[in-house]
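Heads up: the structure comes next, in structure tokens.
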Amino acid sequence: MAQRLRLDGLAYGGDYNPEQWPEPVWAEDVALMREAGVNLVSLGIFSWARLEPRPGEFDFGWLDRVVELLHSAGVAVDLATPTAAPPAWFQKANPHVRPVTADGRVLGYGARQTYCPSSPEYAEAAARITRELAARYAGHPAVVLWHVHNEYGCHVARCYCERSAAAFRDWLRDRYTTVDALNDAWGTSFWGQRYDSFDEVDAPRQAPTAVNPAQQLDFRRFSSDALLTLYKAERDIIRAADPDVPITTNFMAGLTDNLDYWAWAREVDLVATDHYLSAERPDNQIGLALSADLTRSLAGGAPWLLMEHSTSAVNWQQRNIAKRPGEMARNSLAHVARGADGVMFFQWRASRAGAEKYHSAMVPHAGTDTRLWREVVDLGARLRELAPLRGSRVTADVAIVWDWESRWALELEYRPSAELDFRERIDAYYERLWRAGVTVDFVHPGADLGGYRLVVAPSMYVTRAAWAENLRAWVRSGGTLLTSYFTGIVDENDAVHLGGYPGALRDVLGVRTEEFLPLRRGETTTLAATARMDVAAAAPGTASRWAEDLSLDGASAVLQHADGPASGRPAVTRHPFGSGTAWYVATAPDAGTLDAVLRAALADAGVRTPGGVPDGVERVRRHGADGRVWEIVINHTRSDATLPGPEGPLSVPAGTVRVLASEPLESVGSPTDH
């Protein structure tokens with residue numbers, strides 16, 4: 001169950017790494033934090049070598065002084081376990097702990113996350129430093145949140161060493177009990193891979209050709225679980241010492257596919273995430289919104305914490321584009337609009353040395369006589385004004401199915417097309433909904449769908465029988481389902497549902513496909529309308545990537561291919577099923593056609609889209625338990641915008657954010673200089 005931080009308002013601050021600076025700088029840091037309105041910092045994330053300079057020898061004096069300095073200034077602490085960066089002495093004593101890639105390369109020291117997740121030596125050392133930290137700082141009034149590790153699975157999500165292989169075999173024994181059950185699940189009769197005992201199973205290392213896909217899928221599950229086991233071990237040590245303070249770790253929702261965050265979200269007291277823009281994309285605010293919506297969904301709709309983002313440029317992209325005036329505030333407040341109860345950055349003060357020295361920070365290299373610092377101070381003031389938002393929630397009538405298992409399986413080798421891409425389809429549908437002003441949640445395919453009118457499943461390749469029945473029962477009871485191609489195809493072991501595609505969802509969709517007809521690179525087909533004029537208005541449109549030898553089995557064709565390998569075959573269908581309706585989009589339509597299809601499905605579901613909102617302007621509502629409603633309107637464009645407001649036309653200058661409330665709040669933002 002989500003827990004709230006012991007803070008008066010929204011959290012504001014960032015990673016604080018005082019060990020990078022001489023001690024006289026610390027007092028200056030705290031004074032600047034007060035000026036900026038910082039009320040929370042993440043502390044100690046990469047401090048293992050300072051806290052335990054030699055095995056079993058601890059030095060907490062410097063950290064004690066930092067914690068007291070922060071506490072005396074009214075700055076709360078998110079205290080981290082430093083286990084993402086094992087010290088050099090640990091690496092020297094345990095060279096066998098270094099992670100190994102699928103092709104057998106041993107990764108060296110000098111970065112972070114340089115450990116095998118299945119290493120008992122690492123687990124023991126991590127537990128030791130965690131016990132010492134928890135014993136020393138449990139109950140300290142400055143510590144309002146515990147932060148375990150940092151960005152699990154960001155750099156090393158899977159290790160293929162012998163210890164990992166042995167741990168994988170143990171995981172398989174727990175999952176399947178008998179080797180016969182494993183053989184059945186993995187389909188090992190193919191290519192003569194049958195096992196006589198679990199001891200014969202290896203990690204899916206690089207092989208002469210594609211490794212058994214079910215084996216690879218299980219290794220992804222195992223690897224996510226192995227890291228989760230490490231998290232829970234540290235969490236449980238802290239909880240035993242300090243049971244009243246929430247514990248979390250920072251996800252990277254929408255940025256990494258290495259962990260099954262649905263499983264992880266159940267194990268944290270407060271969902272937190274890191275988000276960084278794809279700097280070269282001019283519409284990167286859409287990816288930001290997706291990450292925020294996904295994080296809120298992992299939190300079950302409860303408020304969450306933006307643990308890291310950047311004040312300006314990052315350091316690790318091909319071209320690290322600096323944010324322009326006003327962009328940092330828009331980014332920050334877009335997260336708040338979608339449910340965040342705090343805005344944090346990496347990091348407080350820009351580093352002088354190390355791999356991330358060109359990563360922006362709250363205090364830049366140029367110091368406080370800078371535009372960036374002035375915007376940091378302004379943002380702190382604005383967040384204080386928005387303190388009444390704390391605890392309010394975002395609601396949605398529309399949900400998108402998101403499943404990490406489908407992502408892992410979909411992108412393995414030997415699929416019908418190299419253009420099958422989990423995120424490409426998710427992003428295509430999410431973007432059209434974002435531009436239509438529709439707020440969405442993300443859901444696990446087995447989740448309770450009762451609160452939604454429309455559910456979109458663009459990339460649900462893995463479809464367990466129970467998940468198919470979940471969707472089937474929901475549509476039958478009155479829901480509207482829209483799916484895209486290559487959904488419903490296989491079970492949890494990557495085994496095909498027989499009888500024709502789309503497998504487990506044929507009856508709901510009212511269609512049957514005998515054969516996939518993927519299009520060649522760059523090939524398009526023309527779409528022709530057959531029914532439903534609200535969609536036909538978009539025709540003639542085009543489609544790319546995919547087509548199918550699709551037959552109707554109760555559904556009606558809405559659009560069909562007018563040419564190409566599927567000429568005359570349906571491309572978009574609609575099927576009344578029980579009290580609901582199911583749409584199937586068996587290709588990749590152009591944006592305008594997809595927009596028309598989605599709007600028709602929204603109409604079927606009774607979901608109204610807001611009118612009069614210019615493209616590039618987003619409008620999201622948060623609802624308080626006391627009935628108050630806050631509406632956050634963000635103009636991401638370079639032009640002033642006017643849209644309908646509760647009391648007449650609402651003006652939102654270029655690059656600004658306005659917040660409207662049932663009890664008026666000040667507008668947030670100022671015109672952006674372009």
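The values are calculated or read from the model by the stated rules, or taken from the named source; none is laboratory data. On a predicted model such as this, the values are computed, not experimentally measured, just so you know. Glycine also receives a Cβ, built like all others from the backbone with ideal geometry; neighbour counts cover every protein chain displayed. These accessible areas exclude ligands, DNA and RNA; they are computed on the full protein's heavy atoms, side chains included. Shrake-Rupley method; radii C 1.70, N 1.55, O 1.52, S 1.80 Å.
A few points about this structure:
- The chain: antiparallel DSSP beta bridges as a percent of all, rounded to 5: 50
- Under a model in which nothing but the beta-carbon of Lys, Arg (+1) and Asp, Glu (-1) is charged, the chain shows a dipole of about 740 debye around its Cα centre.
- Cβ-isolated cysteines (cut-off 4.7 Å), the chain: 154, 161
- Sorting 274, 174, 494 by accessible area puts them as 174, 494, 274; the probe is 1.4 Å, largest comes first, and only protein heavy atoms count.
- Net lengthening on full extension, residue 621/residue 96 (0.36 nm per residue, minus Cα-Cα): 183.8 nm
- Averaging the Cα positions of each part gives two centres, and for the stretch 568-588 and the stretch 1-56 these lie 53 Å apart.
- Note on the chain: with neighbouring protein chains present and a 1.4 Å probe, carbon and sulfur make up 48 percent of its accessible heavy-atom surface.
- In terms of its alpha-carbon gyration tensor, the stretch 181-323 comes out oblate; a/c meets the 1.5 threshold, while b/c is at least as large as a/b.
- Estimated inter-spin distance, residue 267 and residue 476, nm [label 7 Å along Cα→Cβ]: 3.6
- Per-residue accessible area (protein heavy atoms, 1.4 Å probe) orders 357, 92 as 92, 357, starting from the largest.
- Eigen-decomposition of the gyration tensor built on the alpha-carbon atoms of the stretch 510-627 gives equivalent ellipsoid semi-axes of 30, 18, 13 angstrom, largest listed first.
- Selection of chymotrypsin sites (Phe, Trp or Tyr not before Pro), the stretch 391-495, meeting DSSP coil and at most 11 other Cβ within 10 Å: 414
- Most to least packed among 75-81, 165-171 [average Cβ atoms within 10 Å]: 75-81, 165-171
- Which of 256, 642 is most accessible, then next, and so on - probe 1.4 Å: 642, 256
- For the stretch 353-445, the alpha carbon convex hull comes to 220 Å³ per residue, rounded to a whole number.
- Residue 155-residue 579 FRET efficiency (beta carbon distance; Förster radius 56 Å; 0.05 resolution): 0.70
- Measuring with a 1.4 angstrom probe and ignoring ligands and nucleic acids, residue 656 comes out at about 10 Å² accessible.
- Solvent-accessible area of residue 505, all protein chains in place: 0 Å² (probe radius 1.4 Å, heavy atoms, ligands and nucleic acids excluded).
- Placing pseudo-labels 7 Å out from each Cα toward the beta carbon at residue 177 and residue 514 gives an inter-label distance of 4.2 nm.
- Helix-only mean residue ellipticity at 222 nm for the chain, each DSSP H run of n ≥ 4 adding -39500 (n - 2.57), per residue, nearest 500: -9500 deg cm²/dmol
- Once the Cβ-Cβ distance of residue 358 and residue 23 is raised to the sixth power relative to R0 = 22 Å, the FRET efficiency obtained is 0.30.
- Dipole size of the stretch 33-73 about its Cα centre, with +1 on Lys/Arg Cβ and -1 on Asp/Glu Cβ: approximately 100 debye, rounded to the nearest 20.
- Interatomic Cα distance distribution for the chain, bins of 10 angstrom, percent: 3, 15, 23, 25, 20, 11, 3, 0
- Once the Cβ-Cβ distance of residue 495 and residue 417 is raised to the sixth power relative to R0 = 25 Å, the FRET efficiency obtained is 0.80.
- Exposure of residue 276 as accessible area (Å², to 10), given a probe of 1.4 Å and all protein chains: 20
- Solvent-accessible area per residue in the chain equals 38 Å², computed with a 1.4 angstrom probe and all protein chains kept.
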